[in-house]
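Have a look at the structure below before the remarks.
Rule-based calculations on the coordinates, nothing more; no lab input. Computed from a prediction, not measured in an experiment: that's the story for all the values here. When we count neighbours, we look across all protein chains shown, and the Cβ atoms used for this are built from the backbone with ideal geometry, even at glycine.
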Amino acid sequence: MKQDRDRDPAGRPRNARPRDGLGRPLGRDESAAFSGTERIPDDLVIGGTEAAALADQLLRDGRPFHAHEVLEAAWKSGPAQERDLWQGLAQIAVGLTHARRGNASGAVSLLRRGAARVRSRGAGAGSGAGAGSEAGAGSEAGAGSEAGAGSEAAMGRYARPFGMDIASFLAATDELAVRIERDGLDGIPPADLSPGLLASGS
């Protein structure tokens with residue numbers, strides 16, 4: 001007999017199957033024997049400071065998929081002017097997830113796309129445009145391209161929202177994308193796939 005699909009209180013379908021540490025659904029046999037990694041609630045509402053701290057911890061713990069869920073929750077529950085920041089950071093977390101799953105091309109694409117989105121937010125805010133501007137949001141440009149040049153300077157006071165060191169995080173993202181594209185994932189230590197978001201001393 002076919003079981004009804006699990007749904008949230010609003011009636012939207014959701015996948016309640018346990019997942020492993022990288023967000024992959026466990027098979028039915030695995031699910032019966034193992035509860036999997038605790039999920040981030042689908043209806044999580046979280047403020048910027050709390051989201052930054054939790055995502056930072058999850059990234060450092062090697063759980064970028066769960067960091068992505070936190071960052072996505074911050075985007076959905078936060079103000080519109082923060083949208084590009086949280087969406088871009090979430091895309092970077094997905095890129096790190098791809099890297100840990102062994103998908104080099106997916107990792108490079110998402111790392112660069114996410115960094116471009118975060119930079120579009122900083123450049124837009126610095127130039128007087130709305131922080132939710134879509135300028136450059138879908139760009140696949142490399143981190144070393146003209147689009148990224150000087151972007152940290154342009155971000156000015158927007159470089160450390162909620163205690164996050166955006167400039168250092170994007171620099172680590174850029175370097176990682178270049179290394180993966182050039183050398184593949186072999187030889188990249190797990191520590192290099194676990195960049196922190198918070199500024200030192202936060």
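What does the charge count around Leu197 come to, taking other residues whose C-beta lies under 9 Å from its C-beta (Lys +1, Arg +1, Asp -1, Glu -1)?
On the way: positive: Arg60; negative: Asp56, Asp165.
Within the 9 Å Cβ shell, the charges total -1.
Under the simplified labelling scheme, the Ser77-Asp192 pair shows an inter-label distance of 3.6 nm, with each label point 7 Å from Cα along Cα→Cβ. Footprinting exposure proxy ranking of Val108, Val45, Val70, fewest other C-beta atoms within 10 angstrom first, gives Val45, Val108, Val70. Amide hydrogen proximity for Met164: with H placed 1.01 Å from N in the peptide plane, the residues at 5 or more positions away or on another chain lying under 5 Å are Ala199.
Judged by the mean number of other Cβ atoms found within 10 Å, the most tightly packed of the peptides 50-58, 184-192 leads the ranking 50-58, 184-192.
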